[in-house]
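What follows is a set of notes on a single structure, which appears directly below.
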Amino acid sequence: PYGWGRIVARKAGAGVKADGRKTVVLASSVMHRYGPLHVGSVMRGERMTPFGMRDSVKIRDIIAGSSLPRVLRDDVPVVRAGAVPVWIPGIRASELLRVDYGGTGVQRREEIFCLSYVDGIPGQPESPESIEVKRLKQGKQ
């Protein structure tokens, strides 16, 4: 789960389940408040409040606690909304991604997106999961 891969975004309806590691749910209000999504590497001293926690933690500490081999830690991508880290694909999501479907968190007009981290190594045969994602994008069953 920590090798080459890609992040796939799609619209999702209410009630979508996400594991916080390989799949997360994002309300459009996060992008409106913080900025557009982009992917980059970990920046020195960068912090994030992990999902389910109140205090921020250094992203390097989150990665170190993930049992990821040390040699791969510098290559872990971070998804940001503007300059704010919201997801470390394959490892942990931010508390900012909490979506409250029943309460005041999600407005009726607000869009919900599902982001998924799909494994894949360049030059290798595609996994059945990535083939399925392509079919869904093309509207094929």
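Below are the figures for this structure:
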| read-out | value |
| --- | --- |
| Residues of region 86-101 classified as at pLDDT 85 or above and buried (at least 19 other Cβ atoms within 10 Å of the Cβ), total | 10 |
| Residue that is modelled with the lowest pLDDT [pool: residues in region 102-122 that are β-branched (Val, Ile, Thr), open to solvent by less than 40 Å² (accessible area, probe 1.4 Å) and farther than 24 Å from residue 68 by Cα] | 106 |
| Residue within region 46-69 that is basic (Lys, Arg), under 18 Å from residue 111 (Cα atoms) and in a loop (DSSP other than H, G, I, E, B) present | no |
| Subset of region 43-82 [among the hydrophobic types (A, V, I, L, M, F, W, C) and under 15 Å from the mean Cα position of the chain (by Cα)] | 48, 51, 59, 62, 63, 76, 78, 79, 81 |
| Residue match in region 53-72 (condition: in contact with a strand residue (DSSP E or B) (Cβ under 7 Å, 6 or more places away or on another chain), among the basic types (Lys, Arg) and crowded, with 16+ Cβ neighbours inside 10 Å) | no |
| Qualifying residue in region 59-67 (condition: closer than 22 Å to residue 118 by Cβ and modelled with pLDDT under 90) | yes |
| Qualifying residue in region 21-42 (condition: modelled with pLDDT under 85, more than 17 Å from residue 111 (Cβ to Cβ) and more than 12 Å from the chain's Cα centre (by Cα)) | no |
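The values are calculated or read from the model by the stated rules, or taken from the named source; none is laboratory data. Small disclaimer: the values here were computed from a predicted structure and weren't measured. Methodologically, a virtual Cβ is constructed for each residue, glycine included, from the backbone with ideal geometry; neighbour enumeration extends over all protein chains shown. Side chains included, ligands, DNA and RNA excluded: accessible areas come from the protein's heavy atoms. Shrake-Rupley method; radii C 1.70, N 1.55, O 1.52, S 1.80 Å.
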